[in-house]
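Chemist: Just passing along the structure, written as structure tokens.
The values are calculated or read from the model by the stated rules, or taken from the named source; none is laboratory data. Quantities reported herein were computed from a predicted structural model and do not represent experimental measurements. Neighbour counts are summed over all protein chains in view; Cβ atoms, including those assigned to glycine, are modelled from backbone coordinates with ideal geometry. All accessible areas refer to the heavy atoms of the entire protein, side chains included, with ligands and DNA or RNA removed. Shrake-Rupley method; radii C 1.70, N 1.55, O 1.52, S 1.80 Å.
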Amino acid sequence: MSVTDTIQVRLNGKDRDIEPGQTVHALLESLELHPGMVVVELNKQILPRDTYQEHQVHSGDTIELVHFVGGG
Amino acid sequence: MDHPELSRSELHRYARHIALPEVGLEGQLRLKAGRVLCVGAGGLGSPLALYLAAAGVGTIGIVDFDDVDASNLQRQILHGTGDVGRHKLDSAADRLEDVNPHVEVVGHPQRLTSENALEILKGYDVVVDGTDNFPTRYLVNDACVLLGTPNVYGSVFRWEGQVSVFATKGGPCYRCLFREPPPPGLVPNCAEGGVLGVLPGIIGSMQAMETIKLLLGKGVGLAGRLLIFDALEMTWREIALRRNPECPVCSDSPTQTGLIDYELFCGVTRPGEGSLHSAEDFEELDAASVAALLASDTPPYLIDVREPWEWAVSSLAERGARLIPLAELGDRLGEVPKETPVVVYCRSGQRGQSAARQLVAGGYGPVSNLSGGLLSWAESVEPGLPVV
């Protein structure tokens, strides 16, 4: 029996198990989100778009993704 | 503050407001003295303006340069079937006059630009953002910050809506949240992606509620809070927003102290204008040039990258266009002949730009985009062509 390690994060207000060792960029990719389509707030800090590759997602992180919504 | 008085018929009309302890006669007089600018008389602006008028907000300004289109009616309840083809401002003024003859509607029949925004916005107590594009959203925000006028923000797409209040004293602004605009052409608008008609009704009504609370000075507002509504799940998510201490416009030491070119900032082009991208490998062609190419002995391969339902209403099929929706283009590149000039078009030119980039990256070309899309074609080459 194989054991898959996951970490738990709070994503958009809900607990979610994700693969460990991911960058924010990789997380967005796994969610099929283009990095240009969302604003990422990691632990209450809004991340500059060009730093998604640098930021690692850790167990217990709180992540809010806000879509660019422009319609009126 | 010198309040205008309320007539007997106004007292009768606003009786349910005046009965509220938080409103009362004084609050109703505040609403009457209030001046609110609605930017856009569309999906959000419709319920917004209707409720502001019904509530007795004394002066309601509306900025819009569009005409009523049949495809607006599924959500823009300010306008009716008989209004199709009229200026939205005329239609809005008639409807609002009927809702409440005690309020004054001020029309601004122009596109909001960096040149006119401060002049238009400066006379108002509250500005409500109900626009349908990112350049104008950044423009409205920055102008509100510069003027110190609250910006009641709302936006919708498909089944998702957002609402907040920006640019209040000490509160965050739109740019504190959306620091960098989305890459051009990446985020579809409602014309492309659709919107459930009730959604702007809900979000626009919340904007009206926040506006009225601001005028009354009552309750807890949405400054520093972003509400995100998911209509499919019927859930609301709330995100706390803070001022960005390095915000280029609203921080204590701003790096931008005036309005800028927001089309350039967002990297988009307007119909009929050339590309603002300095290093694009495709050409932007106006409608007349595309028409001339299509009529030549060696017409280009013409691709319509819109959705099938848009194609069903009108297309350039008779001039040889094939339909390959933008989302399918990557998988269907094999259908496009190599070493042949290719022209792509969509509704307004944005999806065409994305398609042109994909084709260039795939080694096709030379590639051109119909600048301004089928809308500009209908304007200059084929008047009367219906474009949804």
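Chemist: Can you tell which of B:250, B:116, B:82 lies farthest toward the positive end of the dipole of chain B, using +1 and -1 charges on the Cβ of basic and acidic side chains (Lys, Arg; Asp, Glu)?
Modeler: B:250
Chemist: Based on Cβ point charges of +1 for Lys and Arg and -1 for Asp and Glu, what charge dipole magnitude is obtained for the protein assembly as shown about its Cα centre, in debye rounded to the nearest 20?
Modeler: Computed about the Cα centre, the dipole is about 1340 debye.
Chemist: For the range B:1-60, just run the numbers: alpha carbon Rg, then divide by 2.2 N^0.38 Å, N being how many residues it has.
Modeler: It is 1.17.
Chemist: Among DSSP beta bridges whose residues both lie in the protein assembly as shown, state the antiparallel percentage, nearest 5. Don't skip to the answer; put the middle values down first.
Modeler: Numbers: 32 of 65 bridges.
Percentage antiparallel, nearest 5: 50.
Chemist: Now for a different question. If one puts a single equal scatterer on every Cα of the range B:142-192 and applies the Debye formula without solvent, what log₁₀ I(q)/I(0) results at q = 0.21 Å⁻¹?
Modeler: -0.86
Chemist: Share of Cα-Cα pairs in the range B:62-205 beyond 27 Å, in percent? Numbers along the way, then the final one.
Modeler: Values: 2355 of 10296 pairs.
Tail of P(r) above 27 Å: 23 percent of Cα pairs.
Chemist: Evaluate the distance, in nm, between pseudo-label points positioned 7 Å from the Cα of residue B:252 and of residue B:289 along their respective Cα→Cβ axes.
Modeler: The two pseudo-label positions are separated by 5.1 nm.
Chemist: Using the Kirkwood formula over every pair of different C-alpha atoms, what hydrodynamic radius in Å results for the range B:201-272?
Modeler: Kirkwood hydrodynamic radius for the range B:201-272: 15.7 Å.
Chemist: How far apart, in nm, are the 7 Å Cα→Cβ label points at residue B:297 and residue A:54?
Modeler: Using points 7 Å along Cα→Cβ, the separation is 5.9 nm.
Chemist: Using DSSP, restrict attention to beta bridges with both residues in the range B:1-136 and report what percent are antiparallel, rounded to the nearest 5.
Modeler: 5 percent
Chemist: I'd like the mean, over residues of B:227-233, of how many other protein chain beta carbons sit within 10 Å of each residue's own Cβ.
Modeler: Whole-number average of other-chain Cβ neighbours for B:227-233 is 1.
Chemist: From the helices alone, meaning DSSP H stretches of at least four residues, give me the mean residue ellipticity at 222 nm for chain B, per-run term -39500 (n - 2.57), in deg cm²/dmol to the nearest 500.
Modeler: Values: 16 runs with 132 residues, N = 388.
Using -39500 (n - 2.57) per qualifying helix, the result is -9500 deg cm²/dmol.
Chemist: What does the range B:106-168 give for Rg and for Dmax, in Å, if only its C-alpha atoms count?
Modeler: Rg, Dmax (Cα atoms, Å): 11.6, 35.
Chemist: Can you give me the distance in nm between label points at residue B:388 and residue A:43, each placed 7 Å from the Cα along the Cα-to-Cβ direction?
Modeler: 4.9 nm
Chemist: Residue A:6 accessible area, nearest 10 Å², 1.4 Å probe?
Modeler: Number for this one is 70 Å².
Chemist: Looking at chain B, send over the antiparallel percent of its DSSP beta bridges, to the nearest 5.
Modeler: 35 percent
Chemist: Using +1 at the Cβ of each Lys and Arg and -1 at the Cβ of each Asp and Glu in the protein assembly as shown, identify which of B:362, B:61, B:325 lies farthest towards the dipole's positive end.
Modeler: The listed residue farthest towards the positive side: B:61.
Chemist: Could you tell me whether the protein assembly as shown comes out rounded, prolate or oblate from its Cα gyration tensor? Rule is a ≥ b ≥ c as square roots of the eigenvalues, rounded for a/c under 1.5, then prolate if a/b exceeds b/c, otherwise oblate. Each step should come with its number before you reach the end.
Modeler: Working: a/c = 2.03, a/b = 1.26, b/c = 1.60.
Note, shape of the protein assembly as shown comes out oblate.
Chemist: What percent of all Cα-Cα pairs in the range A:1-54 falls into each 10 Å bin, going from 0 up to the bin containing the maximum distance?
Modeler: 21, 55, 19, 5, 0
Chemist: So what's the projected area for chain B, the Cα convex hull averaged over all directions, in nm²?
Modeler: 20.7 nm²
Chemist: Hey, in the GNM for chain B with a 10 angstrom Cα cutoff, which one of B:106, B:344, B:36 fluctuates hardest?
Modeler: B:106
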